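Engineer: Before anything else, here's the structure in question.
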Amino acid sequence: VQLQASGGGVVQAGGSLRLSCAASGRTFTPAVISWFRQSPGKEREFVAALTWGGNGKDYMDSVKGRFTISRHNAENTVDLQMNSLKPEDTAVYYCAIREGVTRWRAPQQYPWWGPGTLVTVSS
């Protein structure tokens, strides 16, 4: 499985960015594809998840109402639309995929990761 993330950049507080994660190689269901992020000196944290074979979605509390995760089936791509960005959203964002639909908030459960994409939100 290969994952390729794109869409990071620099934006002012209150702005928007859209991250995309393209998956290729082996496919399987059920599965979960998620976005995580990591800031300097902090542990990698869960941001949002989407069940690959269904419509389940999950978000960390601080991004609910601001971020939306969605899938483009034909393109095997998952997007993360990020609105009303805050300086504390600044981090390297990673997409990851795993089989099964349990404990999807734990990064240790994910064997496949894409390279990170940097999001910087200036105040």
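Engineer: Taking the Cβ of G116 as the centre, find all other residues whose Cβ is under 15 Å away and add up their charges (Lys, Arg: +1; Asp, Glu: -1). Could the numbers behind the result be given before it?
Structural biologist: Values: positive: R37, K42, R44; negative: E43, E45, D89.
After counting each charged neighbour, the total is 0.
Engineer: Out of every Cα-Cα pair in the chain, what percent are more than 22 Å apart? Mind dumping the intermediate values first?
Structural biologist: Details: 1967 of 7503 pairs.
Across the chain, Cα pairs with separations above 22 Å total 26 percent.
Engineer: Can I ask one more? Can you spot the aspartates and glutamates whose alpha carbon is less than 17 Å from K86's alpha carbon? Ignore those fewer than 8 places along the same chain.
Structural biologist: E45, D61
Engineer: At a threshold of 8 angstrom on Cα-Cα distance, excluding pairs fewer than six apart, so keeping six or more, what relative contact order does the chain reach in percent? Mind showing how you got there, number by number?
Structural biologist: On the way: 306 pairs, mean separation 44.4, N = 123.
Relative contact order for the chain comes out at 36 percent.
Engineer: How about the range 8-107: which trypsin sites (Lys or Arg not before Pro) there lie in a loop by DSSP and see at most 12 other Cβ atoms within 10 Å?
Structural biologist: Numbers: sites: R18, R26, R37, K42, R44, K57, K64, R66, R71, R98, R103, R105; in loops: R26, K42, R44, K64, R66, R103, R105.
Those that pass, being in a loop and sparsely packed, are R26, K42, K64, R103.
Engineer: DSSP loop (so not H, G, I, E, B), at most 15 other Cβ within 10 Å: list which GluC sites (Glu not before Pro) in the range 22-110 pass both filters. Before the final figure, lay out each step's value.
Structural biologist: Numbers: sites: E43, E45, E75, E88, E99; in loops: E43.
The qualifying sites are E43.
Engineer: Enter the accessible area of D79 (Å², nearest 10), with the probe set to 1.4 Å and all protein chains included.
Structural biologist: Estimated to the nearest 10 Å², D79 gives 10 Å².
Engineer: How much of the accessible area of the range 64-118, probe 1.4 Å, is carbon plus sulfur, in whole percent? Please list the in-between numbers first.
Structural biologist: Values: 1410 of 2780 Å².
Roughly 51 percent of what the probe reaches on the range 64-118 is carbon or sulfur.
Engineer: OK, next. Given a 1.4 Å probe, how much area per residue of the chain is accessible, in Å²? Before the final figure, lay out each step's value.
Structural biologist: On the way: 6160 Å² over 123 residues.
Per-residue accessible area for the chain comes out at 50 Å².
The values are calculated or read from the model by the stated rules, or taken from the named source; none is laboratory data. Computed from a predicted structure; not experimentally measured. Cβ sites come from the backbone with ideal geometry, for glycine too, and all protein chains shown count toward neighbours. Please note that ligands, DNA and RNA were not included when accessible areas were found on the heavy atoms of the full protein model with its side chains. Shrake-Rupley method; radii C 1.70, N 1.55, O 1.52, S 1.80 Å.
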